[in-house]
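In what follows, a single structure is set out as structure tokens and then discussed.
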Amino acid sequence: MHDNSGQMQTLSSYLALCARTRHLPIPAVSRVFRSSAKSIVERSYPQNRCVGVTQGLVKADQSLHPGPILHPQRRKTPKQVSRILPGPLSAAFSSRDLRSQHHSSDSYPAAVCRSKMAGTTDAAARDALVEDLLATQEYHIEFNGFLTNHLKHAVVALNRLQASPEQLKENTDYYKNSTYGFGLEPPRKSEHTITEENWKEYFGLHSSFTSYCDFFDRKEKELGMEAVLKEYGPALLPGVVGSLTHSMIHLGWALDSKHRWMIIEGLAYAAFSFLSCHPEKSYPGLPQTTVLDSLLHVSEEFNTKNIRAWVASVSADPKYKDFQPVLAKTGIQFRIAKLLAEGHPLIHGTPAWIDGLKEEDIPGVFEQLYYGFTLFYLAVPGNFVALHILTALWGIEHISQTLPFEQRKMAIKCFWTGILAVGFSTDAGIPPKDVLVGLHEKFSGAVDGTASEVKGEDWESVVGRAVKDYEEHNPKLVYVMREVWARYGKKSVYREAATHFTVTPNVGKNVEFKA
């Protein structure tokens, strides 16, 4: 066996310098390094790993899981190159980029800090792998008709959780080839050429994704990313729940990573899957002054005024027979579209905490949103759709940071409206008020102390489970919850929510998604 440690050390030092200065490595050197790194990170698939089998309490709608998942043949992924955005755009969001950054030991317990990768070679290998995965254009943004390609969201989360190169490659290879039992699909040919004149004409038609990417790619090169986001972002905000919130997840998580090509994809997907929350139906006047007050009000009304009957009535209304035909086989997405088009006072009524929002209040409102919807998730722990509320909130927060105040306010308003429609559309509905109140009483003052004082599963254990889990929603949940836990004073509610993993739904081939 040849000892190439000297070569690897030289290459890894070079790439580490590139990462620090945010310059791309010389392509030839990068290829040599990735070829060498491949022998380090590759390993065989485990033979007895079950899909979606996770530890911890899981409570999800049983209609999501009608049967087993199959495993098609795996495909190989070609290497591609993109870039992490330098300069002002990065500074607008965070001092971090997606390369190997390590959180302060002041934010996370020492046990978690010890889980970070040791050694320049592993870190550089992971950076090269992450760049390839985020830059790839090998797959379409959806598969099996209407399911969203989550690959890059998983890469962001796993990287931030300090997954090893081996774990990152194993999980993403599995996702590319076996997710939902189908695997990802190659790019689809665009039906239309997207231009400045027609870019809104094909909103929500799930058509011409690659052409939308080409359009925003051209615009970014012409105007710069910050200008593109300010110019085109506001028109996309009402479509916040398109593809069950995944369009805004893709864009928001791309902005979190500051990866140029992923941001281009996020803008394209927001147009491709646009589903209006109909802000024109909104009206002011609801008296609630906090997010929690609003959630408790909506919960009481939903569970005592037979709102489920209204949902069923709208869903079956013959006037929607030819409505949004592209969504006809998507189950919950079709139901959400109908409810938003119909409108309801609980969905479109605007509470005082939105109406009276001032710019300096926005950070506090996001803190309230995280707390309120974390309680929501704990009321239905492991619920597949409820989990998306938290990862979508992370997305919309990062999107809002690119916009001026009035548009940030609109982003929050559209998110609130759209997410209520999502909640109304599920079998679980809105959790009962007494359950939410009980959780609030339990967690409102609960703060984690030292690792030895933590009641329940600690972060080291949760993160360890997440980076090994093939169900990519779980590392995303853990990443978001750990970030807000550190941001908002180590409140136990976020760590507790992170322990409740979901399972992979099996929607079947050409079978509608139910929730």
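The values are calculated or read from the model by the stated rules, or taken from the named source; none is laboratory data. Source: prediction; values computed, not measured. Heads up, the Cβs are rebuilt from the backbone with ideal geometry, glycines too, and the neighbour counts pull from every protein chain shown. To get the accessible areas, we keep the full protein, side chains included, count just its heavy atoms, and leave off ligands, DNA and RNA. Shrake-Rupley method; radii C 1.70, N 1.55, O 1.52, S 1.80 Å.
Scanning segment 346-355 turns up no residue that is open to solvent by 10 Å² or more (accessible area, probe 1.4 Å) and not in a helix (DSSP H, G or I).
For segment 167-184, give me each residue that is of a type in the set (A, V, I, L, M, F, W, C) and either part of a helix (DSSP H, G or I) or within 20 Å of the chain's Cα centre (by Cα) (or both). If the condition is that a residue be of a type in the set (A, V, I, L, M, F, W, C) and either part of a helix (DSSP H, G or I) or within 20 Å of the chain's Cα centre (by Cα) (or both), then Leu168, Leu184 are the ones that fit. With respect to Lys413, is the statement that it is basic (Lys, Arg) and either touching a Pro at 6+ places or on another chain (Cβ under 6 Å) or over 30 Å from Lys230 (Cα atoms) (or both) true? Criteria not met by Lys413. The residues of segment 119-166 that are farther than 28 Å from Trp485 by Cα, in a helix (DSSP H, G or I), of a type in the set (Gly, Ala, Ser) and open to solvent by 10 Å² or more (accessible area, probe 1.4 Å) amount to a single one, Ala128.
Annotation note: Cβ proximity below 8 Å between a residue of segment 322-333 that is touching a residue at least 24 places away in the same chain (Cβ under 8 Å) and a residue that is part of a loop (DSSP other than H, G, I, E, B) and basic (Lys, Arg) (sequence gap 6+ or interchain) occurs for Gly331/Lys514; Ile332/Lys514.
The set of residues from segment 283-321 being free of Cβ contacts under 8 Å to residues at least 12 places away in the same chain, in a helix (DSSP H, G or I) and over 30 Å from Phe366 (Cα atoms) comprises Ala309, Ala312, Ser313, Ala316, Pro318, Lys319.
In segment 152-173, the residues that are at positive phi form Cβ pairs under 9 Å with partners that are open to solvent by 10 Å² or more (accessible area, probe 1.4 Å) and among the hydroxyl-bearing types (Ser, Thr, Tyr), at six or more places apart or across chains, as follows: Gln162/Ser100; Gln162/Ser115.
Might you check whether a residue that is of a type outside the set (A, V, I, L, M, F, W, C), more than 19 Å from the chain's Cα centre (by Cα) and farther than 26 Å from Leu390 by Cβ occurs anywhere in segment 233-241? Looking through segment 233-241, none of the residues is of a type outside the set (A, V, I, L, M, F, W, C), more than 19 Å from the chain's Cα centre (by Cα) and farther than 26 Å from Leu390 by Cβ.
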